[in-house]
Amino acid sequence: MTVKLLIDYYEADHMPDEMNLLYRHGHFCHTFSKVQFNRFFKLGRRRELAKGEVIMRAGQPQTKLYYTERGECTAMANRREVGNILSHRFVGEISFLQYLKNSKPGAGVSPCDSRARASATVIAKKGGVIWEWDHEDLTRLLLEEMDISNAFQSYCAFDLGMKLMAVNDQKTGLSPYLQAKVTTVAKNVGNKTNEKKERGIKQTK
């Protein structure tokens, strides 16, 4: 066991109380080990959100992935509210997953030239706490650490499913087309993750 790995395990076992709470309350324990979780969040930046702060604007290229630790956000499109984003949810994960895909060797596409544009404007309702990751920094980590990449993509499938349930419960008026799109993306992410896990199991036999 390398010194780096020993340090990773030590830091994961001695995470601050607020990070242990986030690990459990954010349901990261379902797909991330504590070591994976700690390494993932060490790369992010935690900051306070002001009431009414705009996290992303519709039509603008996305360069960051976000996670709402505390507080709710409103998604606006065409001057109307299309959904609420609750605490413990990623924001902009679909755009990041596309960026990650285009960054892989042999993709044949420049990730910077193919950045997705935000489909909605996301605004903090009452302030709160948010995490943010730069696309390029996070991509380097996930391409180097496949176990963390698999954990993240599995969590994205869970996260999208919870968002769809919230849409149905809140009756926000999101169109059936968009609901179906969210469901399809969640299934695709889940299927790809399962395939990777199966390949990993076969290689270890």
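Some values worked out for this structure:
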read-out: Pairs where the first residue, in the stretch 138-158, is within 13 Å of Gln36 (Cβ to Cβ) and the second is hydroxyl-bearing (Ser, Thr, Tyr) and part of a helix (DSSP H, G or I), C-beta under 6 Å, 6+ apart; value: Leu142/Ser149; Asn150/Thr193; Gln153/Thr193; Ser154/Thr193
read-out: Residues of the stretch 26-47 that turn out to be surrounded by 14 or more Cβ atoms within 10 Å (Cβ to Cβ) and in a helix (DSSP H, G or I), as a count; value: 9
read-out: Tyr99 vs. criteria open to solvent by 10 Å² or more (accessible area, probe 1.4 Å), within 28 Å of Lys51 (Cβ to Cβ), of a type in the set (Phe, Trp, Tyr) and under 16 Å from the mean Cα position of the chain (by Cα); value: no
read-out: The stretch 6-25, residues that are in contact (Cβ under 8 Å) with a residue 12 or more places away in the chain and open to solvent by less than 70 Å² (accessible area, probe 1.4 Å); value: Asp8, Glu11, Ala12, Met15, Met19, Leu22, Tyr23
read-out: Unmet requirement for Ile94, which otherwise passes all of (1) crowded, with 21+ Cβ neighbours inside 10 Å; (2) in contact (Cβ under 8 Å) with a residue 60 or more places away in the chain; (3) hydrophobic (A, V, I, L, M, F, W, C); value: (1)
read-out: Wholly within the stretch 58-172, strands (runs of 3 or more DSSP E) carrying at least 2 residues that are in contact with a Gly (Cβ under 9 Å, 6 or more places away or on another chain) and at pLDDT below 90; value: 80-85
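Conditions (1) of a type in the set (Ser, Thr, Tyr); (2) in contact with a strand residue (DSSP E or B) (Cβ under 7 Å, 6 or more places away or on another chain), marked per residue:
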| residue | (1), (2) |
| --- | --- |
| Arg57 | no, yes |
| Tyr67 | yes, yes |
| Gly92 | no, yes |
| Gly127 | no, yes |
| Trp133 | no, yes |
| Glu136 | no, no |
| Asn150 | no, no |
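Here is a yes/no grid of residues against (1) within 15 Å of the chain's Cα centre (by Cα); (2) among the polar types (S, T, N, Q); (3) farther than 22 Å from Glu144 by Cα:
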position	(1), (2), (3)
His27	yes, no, yes
Gln36	yes, yes, no
Arg45	yes, no, no
Ile55	yes, no, yes
Gly59	no, no, yes
Pro105	no, no, no
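The values are calculated or read from the model by the stated rules, or taken from the named source; none is laboratory data. Here the structure is a predicted model, which is why all the values come from computation and not from measurement. Virtual Cβ from ideal backbone geometry, glycine too; neighbours counted across all protein chains shown. When the accessible area is computed, the model is the full protein with side chains, heavy atoms only, and any ligands, DNA or RNA have been set aside. Shrake-Rupley method; radii C 1.70, N 1.55, O 1.52, S 1.80 Å.
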